[in-house]
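Asker: What follows is a structure written as structure tokens; I'll ask about it next.
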Amino acid sequence: MDPKCWRVELNDGRFIPVLGFGTYAPEEVPKSMAGAATKVAIDVGFRHIDSAYLYQNEEEVGKALREKIRDGTVKREDIFYTTKLWATFLRPELVRPALERSLKKLGLDYVDLFIIHVPIAMKPGEELVPKDAGGKIILDTVDFCDTWEALEKCKDAGLTKSIGVSNFNHKQLEMILNKPRLKYKPVCNQVECHPYLNQRKLLEFCKSQDIVLVAYSALGSHRDPNWVERDSPYLLEDPILNAIAKKHNRSPGQIALRYQLQRGVVVLAKSFNEKRIQENFQRGEFTGRAHSSMKMMSPLRRGTFKNLVPLLHLFYLMNTYLFLTLN
């Protein structure tokens, strides 16, 4: 099968490619590299491109998309593009303007997927992470059900084809799913997910609600000390992962991606290295014996990662407390 045809159906009837190209990069990486890497990704076959307002690279990524459309490599309808609503734009009246700002930077008429980036609200404004004089993040009080209704209106207006969330736990998902007058369910929940953080319970819940789990950091957490302990193991150096890779004549990265695909998870693979971009897309066809090999991955889960989700959950609890005490 042509890898470009690997897709799964969302609960709104649209389809999402199971392999996506992530465009996030640390601040020290030039934004131009995101554009160059996006063009390489499209050339090798990626049709699912993931970015966000927070990444501050949508102009470069949008330019790359338009160039590949203009040179005939792809048509707009071939591309599945995701952007995200950042925490400073969660007030309902700010949602559509935020999406329209992204569309203007991208040079597109619509995105395929628009998702709430994090389940917290920060003070509105141009600062990505607003802080007070003491260096503490300034939170805002927002009812996420109201934010969700604003996303629904963006879908109705044709500015996005589908809507979803990111970094939500099952309680936060239930808050949306159980809201009165829900018009559209979230089609996905994008979270950090890899063999060391396999999100088993969250995946089970999402499947029960017909919500697709999308994995970022699928090849392991970023090595940023704010995310992981300095002595945390490198996923791609894991001996079990490497033994499976050697057995099937694949790279550890390909095995890590295959592991997620067999679990029914949509995977985002991020690299600005041309060879690795090609390798990540060529997950390869495995024999039936590969399924038993993938079962060896389940025990790899480690508890040493200071990933984003627990931190954001703390912010969410703080935000909920403020909402309950002020209303």
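Asker: Just name one of I42, G20, A52: the one whose Cα is farthest towards the positive end of the charge dipole of segment 2-54 (beta-carbon charges, Lys/Arg +1, Asp/Glu -1).
Answerer: I42
Asker: On to the next question. Need one word for segment 102-154: rounded, prolate or oblate. Basis is the Cα gyration tensor (sqrt eigenvalues a ≥ b ≥ c); a/c below 1.5 gives rounded, then a/b vs b/c decides.
Answerer: Working: a/c = 3.25, a/b = 1.58, b/c = 2.06.
Verdict is oblate for segment 102-154.
Asker: Okay, moving on. So what's the gap between the Cα centers of segment 146-161 and segment 88-145, to the nearest angstrom?
Answerer: After rounding, the separation between the Cα centres reads 14 Å.
Asker: If you take the square roots of the eigenvalues of the alpha-carbon gyration tensor of segment 72-224 and sort them as a ≥ b ≥ c, do you get rounded (a/c under 1.5), prolate (a/b over b/c) or oblate? Numbers along the way, then the final one.
Answerer: Working: a/c = 1.19, a/b = 1.01, b/c = 1.18.
Rounded, because the longest to shortest axis ratio a/c is under 1.5.
Asker: So, taking all protein chains as they sit and a 1.4 Å probe, how much accessible area belongs to H194, in Å² rounded to tens?
Answerer: 0
Asker: Can you tell me the dipole magnitude for segment 107-153 around its Cα centre, using point charges on the Cβ only (Lys, Arg +1; Asp, Glu -1), in Debye to the nearest 20? Provide the component values of the computation, followed by the final result.
Answerer: Values: 4 positive and 10 negative charges, 60 e Å.
Dipole of segment 107-153, to the nearest 20 debye: 280 debye.
Asker: DSSP loop (so not H, G, I, E, B), at most 14 other Cβ within 10 Å: list which trypsin sites (Lys or Arg not before Pro) in segment 102-160 pass both filters. Let's see the in-between values first.
Answerer: On the way: sites: K104, K105, K131, K136, K153, K155; in loops: K136.
Those satisfying the criteria are K136.
Asker: Could you give the dipole magnitude of segment 1-159 about its Cα centre, charging the beta-carbon of Lys and Arg +1 and that of Asp and Glu -1, in debye to the nearest 20?
Answerer: Details: 23 positive and 27 negative charges, 73 e Å.
Computed charge dipole of segment 1-159: roughly 340 debye.
Asker: Hey, another quick one. To the nearest 10 Å², what's R276's accessible area with a 1.4 Å probe?
Answerer: Only protein atoms counted, so the area is about 140 Å².
Asker: Just in segment 50-91: which trypsin sites (Lys or Arg not before Pro) are loop by DSSP and have at most 14 other Cβ atoms within 10 Å?
Answerer: Passing sites in segment 50-91 are K75.
Asker: For segment 101-153, calculate the relative contact order in percent as a whole number, restricting contacts to Cα pairs under 8 Å that are 6 or more residues apart.
Answerer: On the way: 28 pairs, mean separation 13.7, N = 53.
Here the relative contact order equals 26 percent.
Asker: Right, something else. Place +1 on the Cβ of every Lys and Arg and -1 on the Cβ of every Asp and Glu in segment 95-234, take the dipole about the Cα centre, and give the residue among A98, S208, M122 whose Cα lies farthest towards its positive end.
Answerer: Of the candidates, S208 comes out farthest on the positive side.
Asker: Apply the Karplus curve 6.51 cos²θ - 1.76 cosθ + 1.60, θ = phi - 60°, to the phi angles in segment 234-249 and return the couplings in whole Hz, x for Gly and Pro.
Answerer: With coefficients 6.51, -1.76 and 1.60, one gets 7, 3, 6, 9, 4, x, 5, 4, 5, 5, 5, 4, 5, 4, 9, 6 Hz.
Asker: With every protein chain in place, what's the accessible area of T141 (1.4 Å probe, Å², nearest 10)?
Answerer: Probe radius 1.4 Å; accessible area of T141 about 50 Å².
Asker: Let me make sure I get this right: for segment 1-81, a, b and c are the square roots of the gyration tensor eigenvalues over alpha carbons, sorted descending. Under 1.5 in a/c it's rounded, otherwise prolate if a/b > b/c, else oblate. Which is it? Mind showing how you got there, number by number?
Answerer: Numbers: a/c = 2.00, a/b = 1.47, b/c = 1.36.
Prolate, since a/c reaches 1.5 and a/b exceeds b/c.
Asker: Express the relative contact order of segment 119-207 as a whole percentage, based on alpha carbon pairs under 8 Å and six or more residues apart in sequence.
Answerer: Details: 76 pairs, mean separation 20.7, N = 89.
So the answer I get is 23 percent.
Asker: Ok, one more. Could you please state how large a percent of the accessible area of segment 232-272 is carbon and sulfur, counting protein chains only and using a 1.4 Å probe? Working shown, then result.
Answerer: Values: 850 of 1670 Å².
It is 51 percent, rounded to a whole number.
The values are calculated or read from the model by the stated rules, or taken from the named source; none is laboratory data. Note that the structure is a prediction, hence the values are computed from the model and not measured. Ideal geometry is used to build each Cβ from the backbone, glycine not excepted, and the neighbour counts take in all protein chains shown. Just so you know, the surface numbers come from the protein's heavy atoms only, side chains and all, with ligands and any DNA or RNA stripped out. Shrake-Rupley method; radii C 1.70, N 1.55, O 1.52, S 1.80 Å.
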